[in-house]
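First the structure, in the form of structure tokens, and then the observations on it.
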Amino acid sequence: MNRIISPKNAQKIMKVVFWASGILTILILLVIIGYILLKGLPVIDLEFLFGEPIDSGRAGGIFPMIVSSLYVTFIALLVATPLGVGAAIYLAEYAGENNIVRAIRFGSETLASIPSIIFGLFGLAFFVIFLGMGWSVLSGGLTLALMALPTILAASEVSVESVNKSYSEGSLALGATKWQTVYRVVVPAALPGITTGVILGMARAIAEAAAILYTVGAALTIPISLLDPARPLPLHLYIVATEGISLDNAYGTAAVLVMLILIITVVTNTLLDRYIKKMMGR
Amino acid sequence: MSRKTDEFLIEKGLFITALSSIIIIALIIIFIFVEGLPALQSVGVFNFIFGMDWSPSDGQFGVFPMIIGSLAITGLSLLMAIPLGIFCAIFLSEIAPTSVRKILKPTIQTLAGIPSVVYGFFGLIILVPFMRTQFGGTGFSMLTASIILTVMILPIIVSVSEDALRSVPPEYKEASMALGATHWQTIKNVIFPAAIPGVITSVILGMGRAIGETLAIIMVAGNVVQIPTSILDPVRALTSNIAIEMGYATGLHYNALFATGIVLIVMIIILLVIANYLHYKKKVTIGGGYL
């Protein structure tokens, strides 16, 4: 068969194509983030971060939204972390392969692929109306907990499972019980992976807007009690941008969100790097 | 004795935490279905799914245009994101120097965590006006939404595909190169085929995110209930329908939005089953490429 392009030329062409698509992908993403930061960072100052919104967000700051975001994310992690880590320990250390375990795994995977708006619908029907929690940080936080759960479970399970089996065998041989072994030996060894899982869950919760659209309300005041309505940052950005309230405040809010995610990622990566180096050094 | 009881209680406690995901998924399905069924009963399942009219004030509830809308936006964004994402993944795993990869990989992973509302906001501020001046109309369209979705799912496809490509045993590559194949021939005929199951997983993850995305799409898609005849027509996705109207829905309208949720769940389950089947099939047929 006659080749129109020789293998050598194909190699050269494809190398250019690969470089081009690599650069294009990075460029698209960086231009978007760069643009948001360029427009948003000048808006951010102490008054913006720690001030109350004036005239439903046309002017003033976003302090109540920052508090709201931290509040709902904290509730979400408080609920999802014990459930996710406990389930991961059970699956990795206690469970054999049986139908219940398979069902648990299937449940967790399905949970991970459910769209956030469905969580929002469920939160509205279950927490807000059925349990009577109303539009509140509690309803919003619990809805976000359900979303963060599969992320925390999956990452924790992998890291608990990958703990060297000789560790727990050593502990058991010394007469420790199963739980003592898990608690004192396996979990500490798996801690970096579990931490990563929790942080990933946190990033998912802090970035989410659709799931809390109809569960957390949209109040502009600082939430104090668990049953107060609130307006986390992504929701505020959505409302301010779509209702054309204030472009400047939208840029500022977007930039704060991007910075939050960047900080979370950099801190996690640094911690993990340090931990891995420490373990390798031994 | 008490120590033994403790151990037993702890094991049962952990078992209960493990059950939580099943309980949650069951609760979600029960509540969405219970709230959605009245609408399905009153309109009829067939009329609800294949009905062309959605006008809650007249009691017309047909979601077919939105099913098409969701599929069209997702399909178009995959069409753009898959080639670009896979090429970028190959670039990172095979072509890029180590120093470049060490910077780019974490950057891309970070970008996967950027809130979708931020991407939607960028679309609303920059892309919509750009489309308006380039193609006329309002600028809110299926194409605009697909471009924003492409940007959102690119990081997922790149980073998961790259992991799959990198976990292909290096012996494969070395053997192919030793036989005189060029690097491109090796990538095309050896490395990529071996990594296909992982690449399919990345596409499934991207597709799941695209079809479930809500607010970013609302911000740029125009949200008109119609079957698009061109990629420049405004469309409404199933997810958008729920988010836009839930704020003021009462009575049967409220139930119809939960029924929209049922349709969305069923669609996602069907897509997941198809995708997992493809994944499984490739996993079996490609010997050795067990990823």
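Things worth noting here:
- The residues listed here are B:Ile156, B:Ile211, B:Ile200; of these, the one that is under 24 Å from B:Ser70 (Cβ atoms), within 10 Å of chain A (Cβ to nearest Cβ), under 24 Å from the mean Cα position of the chain (by Cα) and aliphatic (A, V, I, L, M) is B:Ile211.
- Test: residue in region A:6-29 that is outside any helix (DSSP H, G or I), open to solvent by 20 Å² or more (accessible area, probe 1.4 Å) and not assigned by TED's automatic domain parsing to the domain that holds A:Ser139: yes
- Hey, B:Gly69 more than 10 Å from chain A (Cβ to nearest Cβ), touching a residue at least 24 places away in the same chain (Cβ under 8 Å) and open to solvent by less than 40 Å² (accessible area, probe 1.4 Å) or not: yes
- With respect to the stated conditions, A:Ile118 fails to be crowded, with 24+ Cβ neighbours inside 10 Å, in contact (Cβ under 8 Å) with a residue 40 or more places away in the chain and among the aliphatic types (A, V, I, L, M).
- Test: residue in region A:67-77 that is among the hydrophobic types (A, V, I, L, M, F, W, C) and within 8 Å of chain B (Cβ to nearest Cβ): no
- Test: residue in region B:50-64 that is surrounded by 17 or more Cβ atoms within 10 Å (Cβ to Cβ), under 21 Å from the mean Cα position of the chain (by Cα), hydrophobic (A, V, I, L, M, F, W, C) and more than 7 Å from chain A (Cβ to nearest Cβ): yes
- Residue check, B:Pro83 over 15 Å from B:Val235 (Cβ atoms) and surrounded by fewer than 21 Cβ atoms within 10 Å (Cβ to Cβ): yes
- Residues (farther than 11 Å from B:Ile67 by Cα, touching a residue at least 12 places away in the same chain (Cβ under 8 Å), away from chain A (no Cβ under 11 Å) and of a type in the set (A, V, I, L, M, F, W, C)) located in region B:217-270: B:Ala221, B:Val224, B:Ile231, B:Leu232, B:Leu252, B:Ala256
- Residues that are open to solvent by 20 Å² or more (accessible area, probe 1.4 Å) and either farther than 15 Å from B:Met219 by Cα or within 11 Å of chain B (Cβ to nearest Cβ) (or both), drawn from region A:244-255: A:Gly244, A:Leu247, A:Asp248
- For region B:112-121, the count of residues that are crowded, with 22+ Cβ neighbours inside 10 Å, facing chain A (nearest Cβ under 7 Å) and over 16 Å from the mean Cα position of the chain (by Cα) is nonzero.
- Residues of region A:106-142 classified as within 20 Å of B:Asn255 (Cβ to Cβ) and either among the acidic types (Asp, Glu) or assigned to a helix (DSSP H, G or I) (or both), total: 14
- Subset of region B:161-188 (residues that are closer than 30 Å to A:Leu29 by Cα and free of Cβ contacts under 8 Å to residues at least 60 places away in the same chain): B:Asp163, B:Trp184, B:Gln185, B:Thr186, B:Lys188
- Number of the condition not met by B:Phe31 [criteria: (1) assigned to a helix (DSSP H, G or I); (2) more than 21 Å from the chain's Cα centre (by Cα); (3) surrounded by fewer than 17 Cβ atoms within 10 Å (Cβ to Cβ); (4) of a type outside the set (Asp, Glu)]: (3)
- B:Arg132 fulfils the conditions (1) crowded, with 24+ Cβ neighbours inside 10 Å; (2) more than 10 Å from every other protein chain (Cβ to nearest Cβ) except for a single criterion, (1).
- Scan of region A:61-115 for residues that are surrounded by fewer than 19 Cβ atoms within 10 Å (Cβ to Cβ), closer than 25 Å to B:Gly206 by Cα and touching a residue at least 24 places away in the same chain (Cβ under 8 Å), ordered by number: A:Glu109, A:Ala112
- Selection of region A:89-119 for residues being more than 7 Å from chain B (Cβ to nearest Cβ), among the aromatic types (Phe, Trp, Tyr) and either under 20 Å from A:Ala207 (Cβ atoms) or more than 23 Å from the chain's Cα centre (by Cα) (or both) yields only A:Phe119.
- Sole residue being touching a strand residue (DSSP E or B) at 6+ places or on another chain (Cβ under 8 Å) and more than 24 Å from A:Met259 (Cβ to Cβ), chosen from B:Ala175, B:Ala145: B:Ala145
- Yes/no for A:Ala92 being in the same structural domain as A:Ala230 (by TED's automatic domain parsing) and modelled with pLDDT of 90 or more: no
- Within region A:154-165, being open to solvent by less than 60 Å² (accessible area, probe 1.4 Å) and over 18 Å from A:Gly86 (Cα atoms) holds for no residue.
- Of the residues making up region B:36-49, at least one is open to solvent by 70 Å² or more (accessible area, probe 1.4 Å), touching a helix residue (DSSP H, G or I) at 6+ places or on another chain (Cβ under 9 Å) and either within 14 Å of another protein chain (Cβ to nearest Cβ) or not in a helix (DSSP H, G or I) (or both).
The values are calculated or read from the model by the stated rules, or taken from the named source; none is laboratory data. All of these numbers come straight from a predicted model, not from anything done at the bench. No Cβ is skipped: glycine too gets one built from the backbone with ideal geometry, and neighbour counts run over all protein chains shown. Ligands, DNA and RNA are stripped out before the accessible areas are found, and what is left, the full protein with its side chains, is counted by its heavy atoms. Shrake-Rupley method; radii C 1.70, N 1.55, O 1.52, S 1.80 Å.
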